[in-house]
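Participant: Here it is, the structure in full.
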Amino acid sequence: MSLPVDAPCFLGPYGENDTLLEKLVVEFLRDHVYWRRNVHPEDPPAIATDAATTPAYREFEARMRRELHSLSAALKRSVPFHSPRYIGHMVSDLLLPGLAAQFLALPYNPNNVSYDAAPVTIDLEIKAGLQLARMFGYVDDPARPDCAFGHLTSGGTLANLQGLRLTLATKAFPVALRAIAPPGLGLPDDDWAAFNLRPADAIGLLDRWNAWLAAQAPADRRRWRKAFATARLEHLGLHAFLERHPTLGTPRVLAPVTAHYSWSKGMKMLGLGRAQLELVPERGMRIDVDALEERLAGHLARREPVLMAVGVFGGTEFGTIDPIDALVDARERWATRGLGFAVHVDAAWGGYLATLFREANGALRPLDALREEFQDFPSPGVHAAVGALARADSITVDPHKLGYLPYGAGAFLCRDQRAMALLAEDADYVFSAREDGDYFQRFRQLGRFIPEGSKPGAAAAAVYVTHRVLPLDHGNFGALPRESIRATEAFRTAAARFAARVEGWLGCRLPFEPDSNLVCLALNPAGNTDVATMNRFVRALHASLSHDPTLPVQSREFYGSMTTLRPELLGPEETARVMASLGLDPATLDAGGEEDDRLVVLRHTLMNPFLLDATNGINYLEAYFDYLGRRAGDLLARAATGAAA
Ligand SMILES: Cc1ncc(COP(=O)(O)O)c(C=O)c1O
């Protein structure tokens, strides 16, 4: 079964499903109130039943109403993310099950820091982690010791930080173990080898250490545990740890040049330093595996440790997908040579595309079956990348992006939950359970493991309920990315038609073939060879596609976003190719003027489910190109008049 997007999945661009949402909200609000009253029905109302008649009450209500009305009025200046005319950033309409679950849970105000504060929603968060784990092909059976684990975060930024934190802990603890030298564990021979264990082997060592500890008498166990804790990097800090282990240097992180800026933030926050974030060149906006190999060889030769290689599954600016399969293969190969590192996949944007690739039983769908649904998606490379996600050590995915859920819902997943114990923080007043409980008992003390403390249980409820209503396989949730990829195909068809239509006066090119549903468009007035002139033209076009809160929301026909192609990221060959396709003179690039060191392009996120409105026979993408043509024509006409005047 393929779910139609006109089912009550969304509130809808026109608010089509408002009655349903209103009914649900009222129903569950009443339900909540009954619950309040019935906690101790013998307790009388603490707010006097005639309080509403007092002047103070009425004055308060009036003030509240005034403020709420003014908030409501101000919010009308918001960006209309729900509209099929919005094809700017990574946001769209919200899924109704998630929205309703969030409304429902909000008045209970669960705090997913711990089971005590969120006895219901904390389990939903753990289960949501398992739902996402299954989507990526990770082990999702909590009875298995190597089951994956996932939790929500405020967004992709924090999930990436958690990836760094967990990897650092997993790589550094074997060094600490060597320092205290418990007998009979088969520890690596030296610090370099200890830091360079394959992530899976490090988890095996952690398992052996825990089993060994469990076999010790309680007093000895406490003594060993304490010795271990005080030898760890997390206790000593990076500087003191490296001083004690001088054969190790500050570890590097290798990421593609277009990686999201959250990686830079994470390096700074962990004290690893931005200088250790090494940006690897790309080919066609996908990480260049040869360049990565070259860097790894250099690091091994100079004995410089590498923490992780980051693969991006759906790039922020161009929607491209790195060859995750090549990254995990490289991890295995280099580990045998003595350079162990983890692979983290930043699938903040593209993660939910994986639903298209999953059967209901969790199996990966064959490439042929997928390709029957699309013109040319997915490429064999993208299919291989999806198949390799299950081999990544950890993954970031954002329910608040392609999961169509409200903000405040990112997610971090690790392939093997056992590693999480390395992040555990103790606080006796909040956390009571120890490591020996089952999967749920352990992770119910969520605040021990995550960067945050208090966090919204309502967000977890939204994610969990949505995944229950729309299971993460191609027949259910997959209907949404399917629609999105089809819209991308329609966009490309419309772009090709537009390019042919405007050929005589405007150059229109797709600088990169996208792997997913994010498409950039380069536009240059015909005959123009100057980079700065083209950039000014595209920026002016973008100005009419960007939200202006000082104008009525109706004043924009369409919303888009923009980005730039930077030669230092693109590399000389790709830069030359894109410039030639636009008729630009290479001498005008970085010629010393303003605005000429990069190429400004329009960027489109094609995730709105109603871009191809079958009900009314409207193709909003064709309409967008008509608008773009009109705007471009107006701009050029105005420039020509200006020039003549
Ligand atoms: C690839 C990628 N990673 C990480 C992030 C950061 O996510 P957030 O803004 O939710 O923190 C983004 C945001 O656009 C992204 O595209």
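The values are calculated or read from the model by the stated rules, or taken from the named source; none is laboratory data. This is a predicted model, so every value here is computed, not measured. Methodologically, a virtual Cβ is constructed for each residue, glycine included, from the backbone with ideal geometry; neighbour enumeration extends over all protein chains shown. Note: areas computed on protein heavy atoms with side chains; ligands, DNA, RNA excluded. Shrake-Rupley method; radii C 1.70, N 1.55, O 1.52, S 1.80 Å.
Participant: Can you find, among Trp263, Pro471, His89, the residue sitting farthest towards the positive end of the charge dipole of the chain, where Lys and Arg contribute +1 and Asp and Glu -1 at Cβ?
Facilitator: Trp263
Participant: With θ set to phi - 60°, apply the Karplus curve 6.51 cos²θ - 1.76 cosθ + 1.60 along the stretch 411-425 and write out the HN-Hα couplings as whole Hz, x wherever there is a Gly or Pro.
Facilitator: The phi angles translate into 8, 10, 10, 10, 5, 10, 4, 4, 5, 4, 4, 5, 9, 4, 10 Hz.
Participant: Need one word for the stretch 6-66: rounded, prolate or oblate. Basis is the Cα gyration tensor (sqrt eigenvalues a ≥ b ≥ c); a/c below 1.5 gives rounded, then a/b vs b/c decides. Please list the in-between numbers first.
Facilitator: Details: a/c = 5.34, a/b = 1.60, b/c = 3.33.
Judged from the Cα gyration tensor, the stretch 6-66 comes out oblate (a/c at least 1.5, b/c at or above a/b).
Participant: Next up: Rounded to the nearest 0.05, what FRET efficiency do Val26 and Ala540 have when you use their Cβ-Cβ distance and R0 = 30 Å?
Facilitator: For R0 = 30 Å, the calculated efficiency reads 0.05.
Participant: Divide, for the stretch 372-521, the radius of gyration over alpha carbons by 2.2 N^0.38 Å, where N is the residue count. Please report the intermediate quantities before stating the final value.
Facilitator: On the way: Rg = 21.4 Å, N = 150, 2.2 N^0.38 = 14.8 Å.
Relative to the 2.2 N^0.38 Å estimate, the stretch 372-521 comes out at 1.45.
Participant: Still on this structure, I have one more. Looking at the stretch 283-412, what % of its DSSP beta bridges pair antiparallel, to the nearest 5? Could you put the intermediate results ahead of the total?
Facilitator: Numbers: 5 of 14 bridges.
The answer is about 35 percent antiparallel.
Participant: Sticking with this one: Excluding same-chain residues fewer than 8 positions from Lys76, which aspartates and glutamates have a Cα within less than 13 Å of its Cα?
Facilitator: Here the aspartates and glutamates satisfying the reach criterion relative to Lys76 are Asp548.
Participant: Using only C-alpha positions, report the orientation-averaged shadow area of the convex hull of the stretch 63-110, nm², one decimal. All intermediate terms of the calculation are to be shown ahead of the outcome.
Facilitator: Details: hull surface 20.1 nm².
One quarter of the hull surface, i.e. the mean projection, equals 5.0 nm².
Participant: If you average the alpha carbon positions of the stretch 217-281 and of the stretch 535-569, how far apart do those two centres end up, in angstrom?
Facilitator: 40 Å
Participant: So, one more: Starting at 0 and stepping by 10 Å, how many percent of the alpha carbon pairs of the stretch 528-568 end up in each bin?
Facilitator: Answer for the stretch 528-568: a P(r) of 25, 43, 25, 7 percent.
Participant: Can you tell me the convex hull volume per residue for the stretch 235-333, based on C-alpha atoms, in Å³ to the nearest whole number? Numbers along the way, then the final one.
Facilitator: Working: hull volume 10.2 nm³, N = 99.
Considering the Cα atoms of the stretch 235-333, their hull volume per residue is 104 Å³.
Participant: So which of Lys265/Lys401; Lys127/Lys455; Lys23/Lys401 end up more than 22 Å apart, counting from Cα to Cα?
Facilitator: On the way: Lys265/Lys401 20 Å; Lys127/Lys455 16 Å; Lys23/Lys401 26 Å.
Long pairs (Cα-Cα over 22 Å): Lys23/Lys401.
Participant: I need the Kirkwood Rh of the stretch 36-193: take the reciprocal of the average 1/r across all distinct C-alpha pairs and report it in angstrom.
Facilitator: Numbers: mean 1/r = 0.0452 Å⁻¹.
The answer is 22.1 Å.
Participant: Give the percent of DSSP beta bridges with both residues in the stretch 225-324 that are antiparallel, rounded to the nearest 5.
Facilitator: On the way: 3 of 10 bridges.
Given both bridge residues lie in the stretch 225-324, the antiparallel proportion sits at roughly 30 percent.
Participant: Name the long-range amide H neighbours of Val280: under 5 Å, sequence gap of 5 or more, or other chain; modelled H, no Pro or chain starts.
Facilitator: When sequence neighbours closer than 5 places are left aside, the close amide H contacts are Ala255, Val257.
Participant: Taking the stretch 556-645, which chymotrypsin sites (Phe, Trp or Tyr not before Pro) meet the DSSP loop condition and have no more than 13 other C-beta atoms within 10 Å? Spell out each step's value before the answer.
Facilitator: Numbers: sites: Phe558, Tyr559, Phe610, Tyr620, Tyr624, Phe625, Tyr627; in loops: Phe558, Phe610.
Qualifying residues, ordered by number: none.
Participant: For the chain, what % of the accessible area comes from carbon and sulfur atoms, probe 1.4 Å?
Facilitator: Values: 15390 of 27800 Å².
Of the solvent-accessible surface of the chain, carbon and sulfur hold 55 percent.
Participant: Give me the percent of DSSP beta bridges within the chain that run antiparallel, rounded to the nearest 5. Could the numbers behind the result be given before it?
Facilitator: Working: 30 of 47 bridges.
So the antiparallel bridges amount to about 65 percent of the total.
Participant: Now for a separate question. Compute the separation of the alpha-carbon centres of the stretch 89-106 and the stretch 1-73 and state it in Å as a whole number.
Facilitator: If you average the Cα positions of each part, the centres end up 16 Å apart.
Participant: Something else now. Taking 0.36 nm per residue of separation and subtracting the Cα-Cα distance, what length does fully extending Arg577 through Ala219 add?
Facilitator: Details: separation 358, 0.36 × 358 = 128.88 nm, distance 6.85 nm.
Length gained, Arg577 through Ala219: 122.0 nm.
Participant: Hey, could you get me the Stokes-Einstein D for the stretch 488-578, Kirkwood radius over alpha-carbon pairs, 10 °C and 1.306 mPa s, rounded to whole µm² s⁻¹?
Facilitator: Details: Rh = 14.8 Å.
Estimated via Stokes-Einstein, D reaches 107 µm²/s.
Participant: Another one. Take every Cα pair under 8 Å in the stretch 294-425 that's 6+ residues apart, average their separations, divide by the length, and report that relative contact order as a whole percent.
Facilitator: Working: 187 pairs, mean separation 31.8, N = 132.
Reported relative contact order: 24 percent.
Participant: Continuing with the same structure: Whole angstrom only: what separates the Cα centroid of the stretch 607-621 from the Cα centroid of the stretch 440-492?
Facilitator: 24 Å
Participant: Next question, about the same structure. So what does the Cα-only Debye profile of the stretch 266-417 read at q = 0.09, 0.10, 0.12, 0.14 Å⁻¹, as log10 I(q)/I(0), no solvent term?
Facilitator: Listed by q, the Debye log ratios stand at -0.31, -0.38, -0.55, -0.75.
Participant: Between Ile180 and Asp626, 0.36 nm times their residue separation minus their Cα-Cα distance comes to what? Please list the in-between numbers first.
Facilitator: Details: separation 446, 0.36 × 446 = 160.56 nm, distance 6.99 nm.
That pair, Ile180 and Asp626, stretches by 153.6 nm at full extension.
Participant: OK, next. What translational D, rounded to a whole number of µm²/s, comes out for the stretch 284-333 from Stokes-Einstein when the hydrodynamic radius is the Kirkwood one over Cα pairs, at 20 °C and 1.002 mPa s? Don't jump to the answer; show the numbers that get you there.
Facilitator: Numbers: Rh = 11.7 Å.
The estimated diffusion coefficient comes to 183 µm²/s.
Participant: Over the chain, average the accessible area per residue using a 1.4 Å probe and give it in Å², no decimals.
Facilitator: On a per-residue basis, the chain sits at 43 Å².
Participant: Can you give the calculated 222 nm mean residue ellipticity of the chain, where each DSSP H run of n ≥ 4 adds -39,500 (n - 2.57) and the sum is split over every residue, rounded to the nearest 500 deg cm²/dmol?
Facilitator: Numbers: 22 runs with 281 residues, N = 645.
Calculated from helices alone, the mean residue ellipticity at 222 nm is -13500 deg cm²/dmol.
Participant: Over the Cα atoms of the chain, what radius of gyration and what Dmax do you get, in Å?
Facilitator: 27.1, 92
Participant: Would you please give the FRET efficiency between His235 and Asp116, computed as 1/(1 + (r/R0)^6) with r the Cβ-Cβ distance and R0 = 22 Å, to the nearest 0.05? Numbers along the way, then the final one.
Facilitator: Details: r = 27 Å, r/R0 = 1.23.
So the FRET efficiency works out to roughly 0.25.
Participant: Between Arg566 and Tyr34, what FRET efficiency follows from the Cβ-Cβ distance if R0 is 56 Å, with the result rounded to 0.05?
Facilitator: Working: r = 58 Å, r/R0 = 1.04.
Working from the Cβ atoms, E equals 0.45.
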